[in-house]
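Trainee: Quick one: the structure is below, questions incoming.
The values are calculated or read from the model by the stated rules, or taken from the named source; none is laboratory data. This structure is a prediction, so every number in the text was calculated from the model and none was measured. Note that we place each Cβ from the backbone using ideal geometry, even for glycine, and neighbour counts take in every protein chain shown. SASA here: full protein model, heavy atoms, side chains in, ligands and nucleic acids out. Shrake-Rupley method; radii C 1.70, N 1.55, O 1.52, S 1.80 Å.
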Amino acid sequence: AAQNNLGWCHQKGIGGDVDGKKAREWYGKAAARGHAAAQNNLGWCHQKGIGGDVDGKKARKWFGKAAARGHVAAQNSLGWCHKNGIGGKVDKAEARKWY
């Protein structure tokens with residue numbers, strides 16, 4: 001949880017300057033350890049280009065990992081990806097499943 005929180009601090013400029021690259025780095029460390037909130041946050045970084053390039057496939061991947069762990073916001077974001085074809089084909093049935 002501390003790695004995710006440190007990522008949040010870097011993303012929002014809490015205690016220092018905003019640094020999207022460091023935010024993405026810390027979210028990635030926590031996400032790799034299975035932290036669902038960090039997986040969701042990393043998905044947002046990839047979807048919005050925080051700290052690097054926009055990558056819809058990676059966004060969908062990380063939202064999917066967090067959604068599978070029961071993270072409600074990630075489930076909604078994964079539904080949005082399927083509905084709008086972010087990171088893959090449009091699949092409204094799959095979108096409905098995650099919404």
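Trainee: Which one is farthest from Gly88 (Cα to Cα), of the residues in segment 38-71 that are open to solvent by less than 30 Å² (accessible area, probe 1.4 Å) and of a type in the set (A, V, I, L, M, F, W, C)?
Mentor: It comes out as Ala38.
Trainee: Which numbered condition trips up His35, out of (1) under 12 Å from the mean Cα position of the chain (by Cα); (2) over 17 Å from Trp8 (Cβ atoms); (3) open to solvent by 30 Å² or more (accessible area, probe 1.4 Å); (4) not polar (S, T, N, Q)?
Mentor: (2)
Trainee: Determine whether segment 11-20 contains at least one residue that is touching a helix residue (DSSP H, G or I) at 6+ places or on another chain (Cβ under 9 Å) and crowded, with 19+ Cβ neighbours inside 10 Å.
Mentor: Within segment 11-20, one or more residues are touching a helix residue (DSSP H, G or I) at 6+ places or on another chain (Cβ under 9 Å) and crowded, with 19+ Cβ neighbours inside 10 Å.
Trainee: So which residues in segment 72-89 are more than 20 Å from Asn41 (Cβ to Cβ) and open to solvent by 80 Å² or more (accessible area, probe 1.4 Å), if there are any at all?
Mentor: Lys83, Lys89
Trainee: From the list Gln39, Gln75, which one is under 17 Å from Lys97 (Cα atoms), modelled with pLDDT of 95 or more and in contact with a helix residue (DSSP H, G or I) (Cβ under 7 Å, 6 or more places away or on another chain)?
Mentor: Only one candidate qualifies: Gln75.
Trainee: Let me ask something additional. Tell me which residues, restricted to segment 51-80, are farther than 14 Å from Gly34 by Cα and of a type in the set (A, V, I, L, M, F, W, C).
Mentor: Val54, Ala59, Val72, Ala73, Leu78, Trp80
Trainee: Assuming Cys45 fulfils every condition listed in (1) under 20 Å from Ala1 (Cα atoms); (2) free of Cβ contacts under 8 Å to residues at least 12 places away in the same chain; (3) under 11 Å from the mean Cα position of the chain (by Cα) apart from one, which condition is it?
Mentor: It is condition (2) that Cys45 fails.
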